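A short worksheet on the structure shown next.
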């Protein structure tokens, strides 16, 4: 049925334009850890993606993902369904759009540009920061501007439920705050900065973070305490696509510290552990070698402080190189070789390993 719009003294019908897409991927992985080989074939995330132009100014976007609950070496199996995004957007002008609903938190290039459709990923995996510091989702209100002025300035201001919340409720007056700006001074270039602040209630995370303090707890780390933590995150991103070359650099700095909402006596006891600085660095470079083929390399470093009360401490480096081939605009294959190890001068972590991955990603209209 058409939508009725009021225009002066007349009612006119306009049919909304809606697109339905389904993205999915299949992966095969082989890894060696201390001369122990493991391998598997797995069915990856399947993403039902809907975009609807309801009126010339109002649009809707949603992503519903069916994802596996376990992985290689894990006893859990099966799949879970998650609404990853469901947002309504009103575009007043290029310099002002109002967005409400569940959205990707615009903290860096990767989280702002890529969705769950692995067809568009330049590499097989997301950066490791998505398993540590990045708050992937926010449920709330977003003000956005795009392509303003000669440098194509963009901005995002977001207030929403924090990382301790679920998709159903927050249960706290404290909200997360995100401020991000980017410029696109040249064709194919984007430079961005962002800041994110939140209060993690009782050191637990819900459905809006890419990490979980419960993992820290189940590992038996002595640093884990059910305390309120101030969470700060600052990100820098640089993306360039020029000619045959594509590059992406992203770095994060994260501080988790004790909040003054805790019992003062507890704060004094944990003061030596209550401040930590964590960093991540990600670099990707790819080069087209033909119309359908690209070779690439990546470097992914994470450094989580031993004094951190929320995240499991680690100092890990991941090196990788790979090759991707497009069978068509809707089917892409990738093979990727990876090496996980400790940073130079540090003890090698438990997941020191070699890995080779093969993935087929596809899209259906």
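Annotations
- As a proxy for reagent exposure, 236, 231 were ordered by neighbouring Cβ count within 10 angstrom, fewest first; the result is 236, 231.
- Per-pair calculated FRET efficiency, R0 = 45 Å: residue 268 and residue 289 via Cβ, rounded to 0.05: 0.15
- Whole-Å distance, taken between Cα centres, linking the range 280-345 and the range 84-148: 21 Å
- Calculated FRET efficiency, residue 335 to residue 53, Cβ-Cβ distance, R0 = 35 Å: about 0.40 to the nearest 0.05.
- Here the range 91-364 has an Rg and Dmax of 19.8, 64 Å, counting Cα atoms alone.
- Entry note: the range 155-201 has Rg to Rh equal to 1.17, where both radii use alpha-carbon atoms and Rh is the Kirkwood radius.
- Sorted by Cβ neighbour density within 10 Å, fewest at the top, the residues 228, 352, 263: 263, 352, 228
Bear in mind that the values in this text are calculations on the coordinates, not laboratory data. Note that the coordinates shown come from a computational prediction; the quantities given were computed from them, not determined experimentally. As a convention, Cβ positions derive from the backbone with ideal geometry for all residues, glycine included, and neighbour counts pool all protein chains shown.
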